[in-house]
Amino acid sequence: MIDRFDLVVVGAGPGGIAAATVAAEAGMRVCLLDNNAAPGGQIWRGFRADTARQYPHGRAFLYWLTRLRKANCVVWHSAQVIDRPRPGLLRMERSGEGCDLGFEQLILATGARERFLPFPGWTLPGVMGAGGLQAMVKMGLDPRNKLVVVAGSGPLLLAAAAGLASADARIVGIYEQARLAQLASFGLRLLGQPAKLIEGVGYRLKTVGAPYRTSSWVTRAEGRGRVESVTVTDGRNEWKQPCDWLACGFHLIANLELPRLLGCRITRGYVEVDALQKSTVPGVACVGELTGIGGLEKAVVEGQIAGWAAAGHEAKARALAPRLKKLQRFASHLDHAFALRSELRALAEAETTVCRCEDVSHAALKECSSWREAKLHTRCGMGACQGRVCGAAAEFLFGWETSSVRPPIFPSAAATLAGEANAKPAMRC
Ligand SMILES: Cc1cc2nc3c(=O)[nH]c(=O)nc-3n(C[C@H](O)[C@H](O)[C@H](O)COP(=O)(O)OP(=O)(O)OC[C@H]3O[C@@H](n4cnc5c(N)ncnc54)[C@H](O)[C@@H]3O)c2cc1C
């Protein structure tokens, strides 16, 4: 027998939690599921009810966790959606076991991931994503006294550097590829949203001993067996910076695999939605980073709009529109301010690995004329990450369209793929 819900919400970050909570409060039978071990998504990763208050955004986490717990919503964790075998049905996998889940309505809140760009040495141990390193520290990695360079692009650099500095890492430099003029105009636009400005200033104050340089980027990471130093440039001068870790990510990209699999229309990297967060596929809404990289508050407001709308409370959903407009403007300012400079396309050398799952070099990809050809001829994007890392890099480096998706959207056990899940009841997680 297959479990069925009025509403299934995929992704238990801020957007998914808000959506599931308001819909369950309105009386719907709701299931919220996530592939992590606990709700929270990226920004609330590793937060616990007893310690959350000590972190930035901890109060918002406690507020929503308390509401979610009271809302009579079924929450499944460590459950990864890998396919939609037929309309109204999702296939999941947990610990190699498959299970299916039926839904009347679906809200996708699958968030975003960091974009990585290849440069010589980027695969050395000790080179990590900025958000990735921050996440590992939240989960218990000890950064005390480590010399850390934070580089790449986006507001996550400052947030990650502040988090690392608070955990006693020694931040030796923060290098942002965006130009000062772009950031200054972004800052001016933030004057209308003082909370965001205060948040940014707060992060900077925590890292005040470390230089923050704009128009600067890492061109190379070097070391024997692991990173020991990086070369940084501002386009005119180059200098070496010793470090134990390099935390490097180039802003965020939305996790579009599931919306794509369902057939949602996607424009310029985000799912198209209407004023009630409904996608172009009937019964499927999308919220949070999927509709524009805009952070916590945007995800929570969109989640509430989608949740209210799913429960038939359109007026309540529409009442949030003015607040959302402001947050959407912030998202588009972010995209503009942290647009990638063309010099980054020249970082990878012929032998630099672009697809690390299948060990494909830049030179091998240069021989290809499209993402499809690259996949067929080099196996680029065919490994464990399914192109989640190299696909975004190839898009930027070669201008290829890398939007094809097919199930399973995550590597899965053969039994799950064979459809045995249909015969089993969905497990309670
Ligand atoms: C690595 C990283 C670190 C970040 N750190 C910060 C920070 O410190 N400060 C800040 O302001 N912003 C940070 N952000 C931005 C942050 O993502 C947003 O502000 C906010 O969390 C967006 O909420 P969301 O609900 O849209 O998605 P998310 O919070 O990303 O939640 C999406 C959830 O969906 C799950 N999921 C995805 N696909 C599936 C699937 N197929 N099946 C089941 N579950 C799935 C994910 O694992 C995740 O738990 C970070 C982003 C990243 C990528």
* **Residues (touching a residue at least 40 places away in the same chain (Cβ under 8 Å), touching a strand residue (DSSP E or B) at 6+ places or on another chain (Cβ under 9 Å) and surrounded by fewer than 23 Cβ atoms within 10 Å (Cβ to Cβ)) located in the range 266-283** => Ile266, Leu276, Gly283
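Residue-by-condition table, conditions (1) at pLDDT below 95; (2) among the acidic types (Asp, Glu); (3) under 17 Å from the mean Cα position of the chain (by Cα):
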| position | (1), (2), (3) |
| --- | --- |
| Ser153 | no, no, yes |
| Ser185 | yes, no, no |
| Gly192 | yes, no, no |
| Glu199 | yes, yes, no |
| Gly202 | yes, no, no |
* Some residue of the range 164-171 being among the charged types (D, E, K, R), assigned to a strand (DSSP E or B) and either in contact with a helix residue (DSSP H, G or I) (Cβ under 8 Å, 6 or more places away or on another chain) or more than 10 Å from the ligand (Cβ to nearest atom) (or both) -> yes
* Is at least one residue of the range 323-340 among the acidic types (Asp, Glu) and more than 26 Å from Gln277 (Cβ to Cβ)? -> no
* Could you list, in sequence order, all residues of the range 16-47 that are buried (at least 24 other Cβ atoms within 10 Å of the Cβ), of a type outside the set (Gly, Ala, Ser) and at pLDDT 95 or above? => Ile17, Thr21, Val22, Val30, Cys31, Leu32, Leu33, Asp34
* To do: Filter the range 321-363 for residues that are among the hydrophobic types (A, V, I, L, M, F, W, C), assigned to a loop (DSSP other than H, G, I, E, B), surrounded by fewer than 18 Cβ atoms within 10 Å (Cβ to Cβ) and out of contact with any helix residue (DSSP H, G or I) (no Cβ under 7 Å at 6 or more places or on another chain) and give the result.
  => Ala339
* To do: Please go through the range 27-44 and pick out each residue that is more than 16 Å from Ala299 (Cβ to Cβ) and in a loop (DSSP other than H, G, I, E, B).
  => Gly27, Met28, Arg29, Asn35, Ala37, Ala38
* Asked: Phe330 is checked against (1) under 18 Å from the mean Cα position of the chain (by Cα); (2) modelled with pLDDT of 95 or more; (3) of a type outside the set (Lys, Arg) and fails just one. What number does that condition carry?
  -> (2)
* To do: Could you tell me which of the residues Ala165, Ala159 is within 21 Å of Phe330 (Cβ to Cβ) and not hydroxyl-bearing (Ser, Thr, Tyr)?
  => Ala159
* Asked: Within the range 1-30, can you find the residues that are farther than 19 Å from Lys316 by Cβ, touching a helix residue (DSSP H, G or I) at 6+ places or on another chain (Cβ under 8 Å) and within 12 Å of the ligand (Cβ to nearest atom)?
  -> Val10, Gly11, Ala12, Gly13
* Which one of these does Ser95 not meet: (1) farther than 22 Å from Cys264 by Cα; (2) more than 15 Å from the ligand (Cβ to nearest atom); (3) surrounded by fewer than 24 Cβ atoms within 10 Å (Cβ to Cβ)? -> (2)
* Would you tally the residues in the range 257-293 being more than 16 Å from Ile305 (Cβ to Cβ) and near the ligand (Cβ under 10 Å from one of its atoms)? => 4
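Give the residue, chosen from Ala79, Ala52, that is crowded, with 16+ Cβ neighbours inside 10 Å and more than 18 Å from the chain's Cα centre (by Cα).
Ala52
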* So Glu373 fits all but one of (1) without any contact (Cβ under 8 Å) to a residue 60 or more places away in the chain; (2) in the same structural domain as Trp44 (by TED's automatic domain parsing); (3) not β-branched (Val, Ile, Thr); what number is the exception? -> (2)
* Structure fact -> Of the conditions (1) under 19 Å from the mean Cα position of the chain (by Cα); (2) surrounded by fewer than 22 Cβ atoms within 10 Å (Cβ to Cβ); (3) modelled with pLDDT of 95 or more, the single one that His57 does not satisfy is (3)
* **Of all residues making up the range 265-276, the number that are closer than 19 Å to Ala20 by Cβ and touching a Leu at 6+ places or on another chain (Cβ under 9 Å)** => 2
* Among the residues of the range 142-162, is there at least one that is under 16 Å from Gly46 (Cβ atoms), out of contact with any helix residue (DSSP H, G or I) (no Cβ under 7 Å at 6 or more places or on another chain) and within 16 Å of the ligand (Cβ to nearest atom)? -> no
* Structure fact -> Per the filter on the range 42-69, residues under 25 Å from Gly129 (Cβ atoms) and of a type in the set (Gly, Ala, Ser) are Gly46, Ala52, Gly58, Ala60
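The values are calculated or read from the model by the stated rules, or taken from the named source; none is laboratory data. On a predicted model such as this, the values are computed, not experimentally measured, just so you know. Positions of Cβ are backbone-derived with ideal geometry, glycine not excepted, and every protein chain shown enters the neighbour counts.
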